[in-house]
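Single-structure report; data block below.
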């Protein structure tokens, strides 16, 4: 588990007013390299607004450090997405998560691993039925793989994701 960095680090539910900032982050090189090419603002709204409004089972949060929005982190029950569940075979009671740090100046400072560790403890494992948390960074994203490792995750397999045509690592942390 990552040591605490001595910074203020909080999570707040993502709201519709955050979508312009999320859209901006998705267009930044260090994000788009792993999240794919950003489309139009309307495409960002179409992708994220259903979760923000509770019409999609993904719970999205803003990562806030020292009062400043710096990224997005989300979680979902893997079984809520049957096609995805079949692809990764995470087992019963697994939650998934994704993270992006939108501010490039904060990359490589340990904030990602700290956010992952705190989010899993405070949000993902707050559901008593969640037995494990999984994520799927691109195998070439060594910084992300290291952040998950520092947050207590272990790589269990690799798989080809037909959605983006890339090889991903499945990383897992048990409760």
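Here the condition is being touching a helix residue (DSSP H, G or I) at 6+ places or on another chain (Cβ under 6 Å) and modelled with pLDDT of 95 or more; of 122, 94, it holds for 94 alone.
Residue 115: in a helix (DSSP H, G or I), at pLDDT below 95 and under 21 Å from residue 32 (Cβ atoms), yes or no? For residue 115, the condition - in a helix (DSSP H, G or I), at pLDDT below 95 and under 21 Å from residue 32 (Cβ atoms) - is not met. Residues of the stretch 124-144 that are buried (at least 18 other Cβ atoms within 10 Å of the Cβ), within 16 Å of the chain's Cα centre (by Cα) and not in a helix (DSSP H, G or I): 132, 133, 134, 135, 136, 137. Assess whether residue 43 counts as being surrounded by 15 or more Cβ atoms within 10 Å (Cβ to Cβ), free of Cβ contacts under 8 Å to residues at least 24 places away in the same chain and either over 14 Å from the mean Cα position of the chain (by Cα) or in a helix (DSSP H, G or I) (or both). For residue 43, the condition - surrounded by 15 or more Cβ atoms within 10 Å (Cβ to Cβ), free of Cβ contacts under 8 Å to residues at least 24 places away in the same chain and either over 14 Å from the mean Cα position of the chain (by Cα) or in a helix (DSSP H, G or I) (or both) - is not met.
Give me a count of the residues in the stretch 49-61 that are within 25 Å of residue 117 (Cβ to Cβ) and either in contact with a helix residue (DSSP H, G or I) (Cβ under 6 Å, 6 or more places away or on another chain) or exposed (fewer than 13 other Cβ atoms within 10 Å of the Cβ) (or both). Total meeting the criteria: 4. With respect to residue 107, determine if the residue is buried (at least 18 other Cβ atoms within 10 Å of the Cβ), touching a residue at least 12 places away in the same chain (Cβ under 8 Å) and touching a helix residue (DSSP H, G or I) at 6+ places or on another chain (Cβ under 8 Å). Taking the combined requirement at face value, the residue does not satisfy it.
You will find that of 121, 147, the residue that is without any contact (Cβ under 8 Å) to a residue 12 or more places away in the chain and in a helix (DSSP H, G or I) is 121 and no other.
The values are calculated or read from the model by the stated rules, or taken from the named source; none is laboratory data. Everything numeric in this text was worked out from a predicted model, so none of it was measured. So basically every Cβ, Gly included, is an ideal-geometry build from the backbone, and we count neighbours across all protein chains shown.
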